[in-house]
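The values are calculated or read from the model by the stated rules, or taken from the named source; none is laboratory data. This is a predicted model, so every value here is computed, not measured. Here the Cβ positions follow ideal geometry from the backbone for every residue, glycine too, while neighbour counts run over all protein chains shown.
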Amino acid sequence: MLVVLVQVHVKPECVEAFQAATLENARHSLQEPGVARFDVLQQADDPTRFVLVEAYRTSEAPAAHKATAHYAKWRDTVEPMMAEPRASVKFRNVYPEDAAW
């Protein structure tokens, strides 16, 4: 299991549009066979900050995800909404070892 945390800082005037576009991408992403989980989190004390929690079943799944039409639409739609470039960190699942996300 590969887990990617994507941190996004959105311009204040774009929060609702960003959230709508991101939820659409998340719903489509969950239909991909390599995606085990796709959570969209909004920071409680700063609604312009989001974290996407993407859990992939294989190491190849992130590349397959980035090759989808819904990802390309999301990327192109939200890029001008960002207050700064998004950042991501990759993690490997340690426990539970057999996470069935």
In segment 16-39, which residues are in contact with a strand residue (DSSP E or B) (Cβ under 8 Å, 6 or more places away or on another chain), under 19 Å from residue 75 (Cβ atoms) and surrounded by fewer than 18 Cβ atoms within 10 Å (Cβ to Cβ)?
-> 19, 23, 30, 34, 39
When you scan segment 83-101, how many residues do you find that are at pLDDT 95 or above and exposed (fewer than 12 other Cβ atoms within 10 Å of the Cβ)?
-> 4
Near pairs, Cβ below 6 angstrom, 6+ apart or cross-chain, from segment 24-46 (touching a residue at least 60 places away in the same chain (Cβ under 8 Å)) to any residue that is of a type outside the set (Lys, Arg) and surrounded by fewer than 18 Cβ atoms within 10 Å (Cβ to Cβ) = 36/101; 37/101
Determine which member of the set 49, 37, 57, 86 is of a type in the set (Lys, Arg) and touching a Pro at 6+ places or on another chain (Cβ under 8 Å).
-> 57
Condition set among the hydroxyl-bearing types (Ser, Thr, Tyr) and surrounded by fewer than 18 Cβ atoms within 10 Å (Cβ to Cβ), scope segment 49-82, selection farthest from residue 97 (Cα to Cα): answer is 77
